[in-house]
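The next block holds one structure in the form of C-alpha cells; read it before the comments.
Derivation of every value follows stated rules applied to the coordinates shown; laboratory data play no part. These numbers come from a predicted model, not from an experiment. Virtual Cβ from ideal backbone geometry, glycine too; neighbours counted across all protein chains shown.
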Amino acid sequence: MRCLIVDDNHLARLAMKHLISQVQGLELVAECSDAMEAYNYLNSEPVDLLLLDIEMPGMTGIEFTKKLGVKKPLIIFTTAKSDYAVEAFELNVVDYLVKPVSLVRFLQSIEKGKEVLESTRQEVKIESHEFVFVKDNGILKKLNVEDILYLEAMGDYVKVHSPQKFHVLHSTLKSIEEKLPAAKFLRVHRSYIVALKKIDFIQDGVININKAHIPIAETYRSSLNKRLNLL
C-alpha cells in the first residue's frame with residue numbers, strides 16, 4: 001500500500017515514518033509539509049493512503065480533503081486534538097488518529113485501510129430486485145438482495161454487510177442507492193442504508209441489525225417513521 005505523509009511538523013513526520021517502517025506491505029512514497037505540496041504530488045503520482053494532519057498553515061487537512069473530491073486516496077487523519085473527529089468522519093475517512101500514535105492503534109487503522117483496498121477492485125451491477133452481482137478479483141459473484149443487512153459508506157467505497165461476510169465496492173453510496181429496490185432499502189444516515197426487513201429494533205435513535213448499531217440522522221428520521229409499520 002503506497003502511502004503519503006502530509007504534516008507540517010518535522011518531528012511528527014519522523015514519528016509516522018517510524019511507524020510505517022515497522023509494517024510490512026506499507027510503502028512510504030513521499031512526505032509533504034503542507035497541503036499544496038501534497039496536492040501537486042497526487043497529481044503526478046499514484047497514492048493509496050494519505051496520513052494527513054489536520055491543523056496545517058495555508059490549508060487544513062479537512063479543507064484539503066474537501067478539495068480532493070470523490071476521487072481521492074484513502075485518508076487517515078493524524079492530529080494532536082480530538083476536536084475535529086465529528087467533522088472528519090463526516091468526510092468518510094478511514095480513521096482518526098490522535099497523536100502521539102501508538103503502534104497498536106496505528107496497526108488497527110492500517111488494517112481498516114487494507115480491508116478496503118483488498119476488496120476494492122469491485123463493481124456493482126443490479127440485474128433485478130432479487131440479486132446483485134459484485135465483481136471480486138475479476139469474478140462476478142451473485143449476492144442475494146435478501147441477504148443484505150445494511151450498506152456503509154467508507155470514503156470512495158461502500159461496504160455491503162451480509163450475515164456471513166461483507167463486500168467492499170468501489171462506488172458511492174448514492175450510486176448504489178439508486179440501483180437498489182427502494183421498497184426494501186432506506187437511507188437513514190449519510191453513511192448508511194439499511195434493509196428494512198432486517199431491522200431488529202430501534203432504541204435511542206439507533207437501529208440495531210444483527211448486533212450492529214447504525215445511527216439515524218435527523219434528516220432521515222421522518223422518512224424512516226413513515227416506512228415503519230408502527231402499531
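Using only the alpha-carbon atoms, what does the chain span along each of its principal axes? Please give whole angstrom values in decreasing order.
That works out to 59, 41, 31 Å along the principal axes.
What does the charge count around A80 come to, taking other residues whose C-beta lies under 13 Å from its C-beta (Lys +1, Arg +1, Asp -1, Glu -1)?
Numbers: positive: K81, K99; negative: D7, D8, D53, E55, D83.
Residues near A80 contribute -3 overall.
Rounded to the nearest Å, what's the spacing between the alpha carbon centres of the range 22-88 and the range 202-231? Just the number, please.
33
Determine the sum of side-chain charges near E218: Lys and Arg each +1, Asp and Glu each -1, restricted to other residues whose C-beta is under 15 angstrom from that of E218.
+2
When the helices in the chain are scored as -39500 (n - 2.57) per DSSP H run of 4 or longer and the sum is shared across all residues, what 222 nm value do you end up with, to the nearest 500 deg cm²/dmol? Kindly include the intermediate steps, with their values, before the conclusion.
Values: 7 runs with 65 residues, N = 231.
Here the helix-only value at 222 nm equals -8000 deg cm²/dmol.
Could the peptides 174-183, 59-68, 83-92 be put in order, highest first, of the mean number of other beta-carbon atoms found within 10 Å of their residues? Don't jump to the answer; show the numbers that get you there.
Details: 174-183: 13.1, 59-68: 17.7, 83-92: 14.9.
Order by mean packing, descending: 59-68, 83-92, 174-183.
What is the local net charge at S109, summed over the other residues whose Cβ is closer than 12 Å to its Cβ (Lys, Arg +1; Asp, Glu -1)?
Working: positive: R105, K112, K114; negative: D95, E111, E115.
Neighbourhood net charge equals 0.
Could you pull out the pairs from K66/K112; K159/K197; K72/K184; K81/K114; K174/K211; K72/K142 whose alpha carbons sit more than 23 Å apart here?
Values: K66/K112 21 Å; K159/K197 19 Å; K72/K184 31 Å; K81/K114 25 Å; K174/K211 25 Å; K72/K142 28 Å.
K72/K184; K81/K114; K174/K211; K72/K142, as the Cα separations exceed 23 Å there.
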